[in-house]
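Asks: Quick one: this structure, given as structure tokens, is what I'll be asking you about.
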Amino acid sequence: MEFFDYVAQKLKEKYPNITLKTTHYTGADFLPKLTAAMAAGSPPDLFVSYGGGQLQALVAEKQVADLTSLLSESWAKDLISDAAKASHTFGGKTYALPIELNTCWILINKKLFREAKVEIPTEAWTWDEFMNAIRNFKAHGIYPLTISGNAPRHMVYYLDYLIERIGGQERFIKTLNREPGYSFTDAAFVQAFQKFKELVDAEAFFPGAKAYGYMDAVRSFGRGEGAMLCIYTWVVVPILTDFPDFELDIMPFPTVPGGLGKADISGYTLGIAVAEKSKNKEAAFNFLRFMAQKDILVEYSKKTGNPIALNVELPPGTLNPVSQKAFDLAKVVKTFVYRKGTFMPPELGSKYEEVTSKIYAGLISPSEAAAAMESLAQQLKAQGKLPMW
């Protein structure tokens, strides 16, 4: 909120006829509220875009303005890389201005690592090393992990990585696009669900986490209820704000020996899109031009604590050391691991979250989870919603 209060004031100074009003929703409420407003013919002029399948579904319904021409203007040419635009681009057209870069890590409590005598790795653990560390934490009376057990949208980060580590990005894309010979029931997907089940069976998660929503899990981690939390960098500032003495660090998600995927980082760019049916489209375009100014982008990073996705050098000290470390490590990544729940069509993303939560609750097996994904994917193909490209 602090940043948007600031930007509303600065925007008014440059464009006296434009007033910025913001409405904030939780991640779980955002898409239903947005799609309902669009269906009712009263969309917001601007809205946040996670890119991927969620945005593409809205584009297919002609609900999102094409920003290709706007983002080809002189101010944008050196500012926005193709990589930053990739998840917001379909059929050669771009539908959002990328603003923020978020990456997913294993956040670690250095104090609990010391207490359990677990050495913080300088490179990603293998899966076996990860499981050995989990057993070590438990032997010292420390729960290894906490999780948002009642918010599957954030639970699937483990699966995002495991699907990539085991089967690779290419297999995921070909399966999603319904290419012959590829299925969600393939061994790579079943094994990914099985690895997640290993964590459940090992009782690696803090037991009280079953009732936790997204921020509950973050606070749980801050209280020391788990030595590790797999989540995106957007939680770093809330943790350090609420728990100023917390000894926080990050490490990469474990690798899976023999898997086809690289040891890449899960990440995405958060963007701002314009509603096709906006009655204030030119004002919305001016807002995007305004947001892309260097001083505004630097202030965005200062006030949110998050790295920006555009080619702007941040002054030293803009980010806290943990966020800066994540940003520096992400700079060398050529291809991010997809955040699969938002990359898929919304219906399949919801199924992905549902089956993951059911494995966590012990209600279905990994093979049943994979079969449920494949069954829905076949239905979506019949409806013309897959393939996506």
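The values are calculated or read from the model by the stated rules, or taken from the named source; none is laboratory data. Just so it is clear, the structure is predicted and the values come from calculations on it, not from any experiment. Here Cβ is always computed from backbone atoms with ideal geometry, including for glycine, and neighbour counts include all displayed protein chains.
Asks: Got a sec? Which of GLU129, GLU203 is modelled with pLDDT of 95 or more, surrounded by fewer than 15 Cβ atoms within 10 Å (Cβ to Cβ) and within 20 Å of CYS104 (Cα to Cα)?
Replies: It is GLU129.
Asks: From ASP245, ASP249, grab the single residue that is more than 18 Å from the chain's Cα centre (by Cα), in a strand (DSSP E or B) and not aromatic (Phe, Trp, Tyr).
Replies: Numbers: ASP245 fails: in a strand (DSSP E or B).
On inspection, the qualifying residue turns out to be ASP249.
Asks: Helices (runs of 4 or more DSSP H) wholly in the range 301-388 with at least 3 residues that are free of Cβ contacts under 8 Å to residues at least 60 places away in the same chain and surrounded by fewer than 16 Cβ atoms within 10 Å (Cβ to Cβ) - which ones?
Replies: Output list reads 321-331, 366-382.
Asks: Is there a residue being within 18 Å of PHE193 (Cβ to Cβ), at pLDDT 95 or above and touching a Pro at 6+ places or on another chain (Cβ under 6 Å) anywhere in the range 327-348?
Replies: The answer is no; no qualifying residue exists.
Asks: Additional query: Look at LYS85 and say whether it is modelled with pLDDT under 95 and farther than 22 Å from ILE239 by Cα. Don't jump to the end; show me each part of the working.
Replies: On the way: modelled with pLDDT under 95: yes; farther than 22 Å from ILE239 by Cα: yes.
In short, yes.
Asks: Right, next: Of everything in the range 252-294, what is assigned to a loop (DSSP other than H, G, I, E, B), surrounded by 15 or more Cβ atoms within 10 Å (Cβ to Cβ) and of a type in the set (A, V, I, L, M)? Give them in sequence order.
Replies: Selection gives VAL256, ALA263, ILE265, ALA292.
Asks: While we're looking at this one, here's another question. For the range 189-238, enumerate the residues that are without any contact (Cβ under 8 Å) to a residue 60 or more places away in the chain and not in a helix (DSSP H, G or I).
Replies: The answer is ARG223, and nothing else.
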